[in-house]
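To start, the structure under review is shown below, and the notes come after it.
No lab work stands behind these numbers, since they all come straight from the coordinates. Since we're looking at a predicted model, the values are computed, not measured. Every residue, glycine as well, gets a Cβ built from its backbone with ideal geometry; the counts of neighbours run over all protein chains shown.
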Amino acid sequence: MMSQEHGAGLVDKEKAASSGISEGGIAKTMVPASSGYQAGPLHSDSAKEDMPLTLRLDRATRSDLERIQNLKVAGRSGRVVALSELVHSQEVVEGKSIYHKLQIAFESPLSA
């Protein structure tokens, strides 16, 4: 069985705490930057229904690790810190998902 490799961000909890930034604050910066943020419905007089409005970084920025690491997070004191100072990337190897007839993903218990 083949394995899947992907990157994972590990928060330096000590540095984050000394900067007055919580792990939740870091996640609130990283998640919208990569997958987007549902800002709410977009109302249009010409459309029959409202459309979801998603804000996210352009594809070039969100696919470039260096650009993501340069995003800034504000701490409680107002001090602004780059994600690169708080999060370190690490390669993770996991077992490959197995898809059945109904296209439901089951994680393999085997890891490489």
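Using 0.36 nm per residue and subtracting the Cα-Cα separation, the extra length available between Ser22 and Ser46 on full extension is 4.4 nm.
Computed from the C-beta positions of Val80 and Arg59, the FRET efficiency with R₀ = 35 Å rounds to 0.90.
Scanning residues 5 or more positions from Asp12 or on other chains, those with amide H under 5 Å from its amide H are Val87, His88, with H placed 1.01 Å from N in the peptide plane. Protection proxy ranking for 36-45, 80-89, using the average of other Cβ atoms within 10 Å per residue and placing the highest first: 80-89, 36-45. Taking Lys and Arg as +1 and Asp and Glu as -1, the other residues whose beta-carbon sits under 12 Å from that of Ser18 total +1. Derived scalar couplings between HN and Hα for segment 41-46 equal x, 9, 8, 9, 5, 8 Hz in order, rounded to whole Hz, by the Karplus curve 6.51 cos²θ - 1.76 cosθ + 1.60 (θ = phi - 60°), x for Gly and Pro.
Taking amide H as placed 1.01 Å from N in the peptide plane, the amide H of Thr54 sits under 5 Å from that of Ala39, each at least 5 places away or on another chain.
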